[in-house]
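K.L.:
Next up is a structure, given as structure tokens.
A short reminder: the numbers here are calculations on the coordinates, not readings from a lab. Fair warning: this is a prediction, and the values are worked out from it, not measured in the lab. FYI the Cβ positions are ideal-geometry reconstructions off the backbone, even for glycines, and counts take in every protein chain you see.
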Amino acid sequence: MAIVGRTIAFALSCLTAFSLGIADAGEKVVLRSQPLIELFTSQGCNSCPPADALLAELADRQDIVALSWSIDYWDYLGWRDTFAQPEHTARQRGYNQSLGLSGVYTPQLIVDGRLQTVGSRRDEVLALIEQRLTAKAAGIRLALSRSDDAMSLTLSGKPRDVPATVWLVEFADVAEQDIEDGELQGNSYTYRHVVRYSEKLGQWTARSQSFVLDAVAIAERDNDGHVVIVQEDDTGPVAAAALIPLD
């Protein structure tokens, strides 16, 4: 397995340059919220490659945030997914519970925590994305500032009727994998926006509230992309999602 990533030094330099793109510590930069597209997939699922390919296309779009979450419940078929984490499976199960679905499956694509479809159904996927692009904005302001080795994310606006969870999600832009067993044995695939790390920063309960991000820890994890997600409960409707570019 080879994951294309930045070096720690480069990531640190990006954080410094972005700072987040500011010269004076404490100055805030507003992030733009976009529809969140989440694909739940598996290297052990022979129905997933078309969905993975579609997600790779979506990853290049500038008007959405696209993430690929590998799950682990197909590992018993003979190949252990190299990107899967139990937390990813738990996230998918949480979505299905909140959406009133009886079980999980792959490839499943969820849009803004509100809509779902089979991830390989291109027309349906694009239609759901368009639906969310034209939906009324939630009215949440996301702003980032930096001071020394810490970054601060500030949320302002009217809080949700139920508590909103604030997540930091990090991904590898491009990841390659040779499948040596299971249903896809003998094939090699290139994946995009593969989630490598997720962290619950806390609950948003006040009109204006800040959450601290550790810039040094982020750089040490050496992931390519970073996303802030704000959603009801842990896996409810998404109120805001923003990509933090480090390039």
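K.L.:
For the range 115-148, name all the residues that are in contact with a Pro (Cβ under 8 Å, 6 or more places away or on another chain) and part of a helix (DSSP H, G or I).
P.N.:
Ile129, Arg132, Leu133
K.L.:
Six or more apart or on different chains, Cβ under 8 Å: which pairs go from a residue in the range 184-211 that's more than 20 Å from Glu170 (Cβ to Cβ) to one that's of a type in the set (Phe, Trp, Tyr)? Could you list them?
P.N.:
Once the first residue is more than 20 Å from Glu170 (Cβ to Cβ) and sits in the range 184-211, its partners that are of a type in the set (Phe, Trp, Tyr) give Leu184/Trp79; Gln185/Trp79.
K.L.:
In the range 51-86, what residues are among the acidic types (Asp, Glu) and either surrounded by 15 or more Cβ atoms within 10 Å (Cβ to Cβ) or in a loop (DSSP other than H, G, I, E, B) (or both)?
P.N.:
The answer is Asp52, Asp60, Asp63, Asp72, Asp75, Asp81.
K.L.:
Limited to the range 36-50, what total is found for residues that are surrounded by fewer than 23 Cβ atoms within 10 Å (Cβ to Cβ) and in contact with a strand residue (DSSP E or B) (Cβ under 7 Å, 6 or more places away or on another chain)?
P.N.:
Total meeting the criteria: 1.
K.L.:
Would you check which residues across the range 170-212 are surrounded by fewer than 16 Cβ atoms within 10 Å (Cβ to Cβ), outside any strand (DSSP E or B) and among the acidic types (Asp, Glu) and list them?
P.N.:
Glu180, Asp181
K.L.:
In the range 87-114, what count of residues is obtained for those that are under 26 Å from Thr190 (Cα atoms), more than 14 Å from the chain's Cα centre (by Cα) and not in a helix (DSSP H, G or I)?
P.N.:
5
K.L.:
Moving to a separate point now. Which of the following residues is within 14 Å of Ile244 (Cα to Cα) and of a type in the set (Asp, Glu): Glu170, Glu180, Glu176, Glu220?
P.N.:
Glu170
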